[in-house]
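The next block holds one structure in the form of structure tokens; read it before the comments.
The values are calculated or read from the model by the stated rules, or taken from the named source; none is laboratory data. Model, not experiment: these values are computed from the prediction. A quick note on method: Cβ atoms are made from the backbone with ideal geometry, for glycine too, and the neighbour counts reach across all protein chains shown.
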Amino acid sequence: MKIVIAPDSFKGSLSAAAAAEAIAQGISRCVPDADIVKLPIADGGEGTLDSLLAAASGERITVNVTGPLGTSVSASYGIIGQTAVVEMAEASGLCLLTEEQRNPALTTTYGTGELIRHALDHGCRRFLLTVGGSSTNDGGTGMLQALGMRLLDQQGNSVPPGGRALADIATIDDSLWHPRIADSSFVIATDVQNPLIGEQGASRVFGPQKGASHEMVDQLEQGMTVWADLIEAKTGIRLHEYPGAGAAGGLCGAYLAFFPASIRRGIDVVLEHVHLEEHIDGADLVITGEGRIDHQTASGKAPMGVAQLAKKHGISAIALAGSVGSGIDVLHAEGISSVHSIMNTPMTLQEAMEHAPILLEQTAEQVFRTFLAGRVSKR
């Protein structure tokens, strides 16, 4: 019997790899000799680099770069075959800040640009960029500056980092732009479809999640509008309403405007790199999961992508979650046969997170026993 286990992380408690291991332990209690394939995955957000390196045995390169608030941080990117995998959360992520430090008026993507520059100088010409978990709302300006672009105010001075400075930019000077970008290719892995500005834009939708007050959101929106107008004047590319340009605080807009770049659904890119479709060939069951599953899972989250591939091959997919929200009925049509919470008694969030490994293991065992019983009853 072949079982493919492909979960995302249970954020705050289990990495994707640890979740896969816990599920495997539960299944092994039922069928010790089962052929279990563990494929920890991610959907393009935080943890994607680790999942891809684990699946593809790639090379991790660690360098010191500029963190979100300007201090030095240690960050990694990966090289898988001929592709450099740059996860922006490594250098510019919300995970690098305490809640009190969150301030999208000041946070910068400069360190993400330094990772790209290091990979370019290392000889990489193909890039996979994952942009989830950002702490920034600078429209990608910090990243551009790290790669040689000069962003100048009315007096000809370089503007400081952060979203607050966008309103002061008067000139985009690309005379020192990194020469190797033009002959490279960049794929952006994201599921975010928000435009650069407007009610559904980067500042208004994601700014508050990154620490912006109501007043700050208005300032960020004004600055992002100035930035969008300058980009259009410079390149002829209008990002104001462009779907996906607002991802990662407008970082994706900068990629689309100044790089030979394209956007793809994050989970599709990851599943291709881990060769999930090849692994599920001949499988009897696919088990996936993540910290919370609800109606939003259908918008391209990891369990949905896994289930869609399983459905394509006529294989049942079961999802396990720390918590289960409303609207999960929409998932069944996409290939998720059933969804199960791992919490087996009333408990606090802290208790659930502390006991997540054993809860996941126990739930996987019971769900798999039900699966086996169903197979017996059909004989």
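Descriptive notes on the structure:
- Residues of region 284-297 classified as more than 15 Å from Gly44 (Cα to Cα) and either among the β-branched types (Val, Ile, Thr) or free of Cβ contacts under 8 Å to residues at least 40 places away in the same chain (or both), total: 8
- Helices (runs of 4 or more DSSP H) enclosed by region 292-379 - at least 3 residues per element that are at pLDDT below 95, closer than 30 Å to Glu272 by Cβ and not charged (D, E, K, R): 302-312, 329-332, 356-377
- Residues located in region 260-270, provided they are crowded, with 21+ Cβ neighbours inside 10 Å and either modelled with pLDDT of 95 or more or outside any helix (DSSP H, G or I) (or both): Ile263
- Checking Gly45 against (1) out of contact with any Gly (no Cβ under 6 Å at 6 or more places or on another chain); (2) closer than 27 Å to Gln145 by Cβ; (3) in a loop (DSSP other than H, G, I, E, B), the condition it does not meet: (1)
- Residue within region 268-279 that is closer than 22 Å to Ser51 by Cα, in contact with a His (Cβ under 9 Å, 6 or more places away or on another chain), in contact (Cβ under 8 Å) with a residue 40 or more places away in the chain and not assigned by TED's automatic domain parsing to the domain that holds Phe186 present: no
- Of the strands (runs of 3 or more DSSP E) lying entirely inside region 141-201, those containing at least 3 residues that are more than 15 Å from Lys234 (Cβ to Cβ) span 185-189.
- Just one of the listed residues (Asp153, Asp174, Asp183) is more than 23 Å from His118 (Cβ to Cβ) and either of a type in the set (D, E, K, R) or in contact (Cβ under 8 Å) with a residue 60 or more places away in the chain (or both), namely Asp153.
- Just one residue in the set Ala55, Ala22, Ala42 is within 16 Å of Gln366 (Cβ to Cβ) and either of a type in the set (Lys, Arg) or touching a helix residue (DSSP H, G or I) at 6+ places or on another chain (Cβ under 9 Å) (or both); that residue is Ala22.
- Every pair of residues 6+ apart whose Cβ atoms lie under 9 Å, when the first sits in region 220-241 and is farther than 13 Å from Gly253 by Cα and free of Cβ contacts under 8 Å to residues at least 40 places away in the same chain while the second is buried (at least 17 other Cβ atoms within 10 Å of the Cβ) and of a type in the set (A, V, I, L, M, F, W, C): Glu221/Ile197; Glu221/Ala202; Ala233/Ile172
- Some residue of region 221-241 being in contact with a Ser or Thr (Cβ under 6 Å, 6 or more places away or on another chain), at pLDDT 95 or above and either assigned to a helix (DSSP H, G or I) or in the same structural domain as Cys95 (by TED's automatic domain parsing) (or both): yes
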